Amino acid sequence: MNYEKERRFAVDSVLKACGLCRRVLSALVSQDTITKNDRSPVTVADFGGQALISEQLKNTFPDDLLVGEENAGLLRAEENKGVKETVFKYVREFSPRLSPSEMLEAIDRGSGDGGPGGRFWTVDPIDGTKGFLRGDQFAVALALVEEGEVVLGVLGCPNLPLSGLTPQDTRGSLFVAVKGEGVFIRKFEDPDEHAIGVSPLTDPREAIFCESFESSHTSHGDTAWVAQQLGITKPSVRMDSLCKYAIVARGDATFYLRIPSQKSYVEKIWDHAAGYIIVQEAGGKVTDIEGKPLDFSTGRILSNNKGIIASNGRLHGHVLEAMKTVT
Ligand code: AMP
Ligand code: MG
């Protein structure tokens, strides 16, 4: 199967959504309108990004369904007219022919159910909203699922340096993976791509692992326990969003561990699909914390899975063994 057209659409639309995120951030920061606890920039960029990707999907693959995090219910409410106008102002910069009602329809087309049959796309227009507001990491994620299997993933990481974890390098890394074809990284502004791969590390004691910044999204106590069992001495890299998958895929981290803080929490497919294929195609392995493959055929949520281990492959068994000691 050749995914050339799908790949081009996914890269192009994710870059547009990343551009919108950057515009929203820079405008609001320069006007000094972001105050603590003000989630408006997230709201604007979240809705705007989903509108752009969804609209481009309709124009490129009119029959394809979309499973997106957002819906336009909030924007349709009279009291949020101002927010809707702000979202529209930004969306128009990237999609000049769209009308306000078409924008709302585009956002609402993300209400797909997913599931085991056929093909659908899944999008998270801003993953890591807390990172976005802190000026840390966040990501725009888009993946294509066919017959329950992820076959393509694109991850835009506007604040992630092109190499390494400290921002000396240009910020803005885009990752593209197609099943069976490997993973490639590129700058936002330059279409040149190069292949990346996971860390070759085999000694678990040398591992660098990453985890969510937010302690409500992963149990920092449990991950520290696992690290201790593995003899890891380096501190964890705490980072928001699917960028964690990207740094495992390019070998800056050896594994990513996500142990639910709340036992009842079920992961959303858009928080993992693009990262999953990016790590797998980089030569790594992704399972849940019990070692089960991630099952993307179960609808909008990963109801057959608990937590995440995404590793360089070689250390996967060690992490799973250590996981068994978590009580
Ligand atoms: P992270 O950037 O790793 O902190 O993960 C961000 C994602 O965590 C968000 O997109 C949410 O969908 C998801 N999330 C929200 N609540 C929880 C929770 N209680 N446990 C795990 N993940 C959550
Ligand atoms: Mg998310």
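Which residues, counting only those in region 225-246, are surrounded by 14 or more Cβ atoms within 10 Å (Cβ to Cβ) and in a helix (DSSP H, G or I)? W225, V226, A227, Q229, C243, K244, Y245, A246 - these are the residues of region 225-246 that are surrounded by 14 or more Cβ atoms within 10 Å (Cβ to Cβ) and in a helix (DSSP H, G or I).
Within region 75-103, the set of residues being under 23 Å from the mean Cα position of the chain (by Cα) and within 30 Å of S297 (Cα to Cα) comprises just one member, M103.
Screening V83 on (1) under 18 Å from P41 (Cβ atoms); (2) surrounded by fewer than 19 Cβ atoms within 10 Å (Cβ to Cβ); (3) modelled with pLDDT of 95 or more shows it passes everything except condition (3).
Could we say that S163 is more than 15 Å from ligand 2 (Cβ to nearest atom), at pLDDT 95 or above and hydroxyl-bearing (S, T, Y) here? Against the criterion (more than 15 Å from ligand 2 (Cβ to nearest atom), at pLDDT 95 or above and hydroxyl-bearing (S, T, Y)), S163 does not qualify. Residues considered: G275, G283. Of these, the only one that is surrounded by 22 or more Cβ atoms within 10 Å (Cβ to Cβ) and either not hydrophobic (A, V, I, L, M, F, W, C) or not in a loop (DSSP other than H, G, I, E, B) (or both) is G275.
Inside region 198-220, can you point out the residues that are more than 16 Å from ligand 1 (Cβ to nearest atom) and touching a residue at least 60 places away in the same chain (Cβ under 8 Å)? Of everything in region 198-220, those that are more than 16 Å from ligand 1 (Cβ to nearest atom) and touching a residue at least 60 places away in the same chain (Cβ under 8 Å) turn out to be V198, S199, P200, L201, T202, P204, A207. Looking at E78, E69, just one residue is open to solvent by 50 Å² or more (accessible area, probe 1.4 Å), modelled with pLDDT under 95 and in contact with a strand residue (DSSP E or B) (Cβ under 9 Å, 6 or more places away or on another chain), and that residue is E69. When F184, F120, F132, F175 are checked against the criterion of being within 15 Å of ligand 2 (Cβ to nearest atom), outside any loop (DSSP other than H, G, I, E, B) and of a type in the set (F, W, Y), F132 stands alone in meeting it.
Scanning region 238-279 for residues that are more than 12 Å from ligand 1 (Cβ to nearest atom) and more than 15 Å from the chain's Cα centre (by Cα) yields R250, G251, D252, A253, T254, F255.
The values are calculated or read from the model by the stated rules, or taken from the named source; none is laboratory data. Owing to the predicted nature of the structure, the values given are computational and were not obtained by experimental measurement. Positions of Cβ are backbone-derived with ideal geometry, glycine not excepted, and every protein chain shown enters the neighbour counts. Keep in mind that these areas ignore ligands, DNA and RNA; they rest on the heavy atoms of the full protein, side chains included. Shrake-Rupley method; radii C 1.70, N 1.55, O 1.52, S 1.80 Å.
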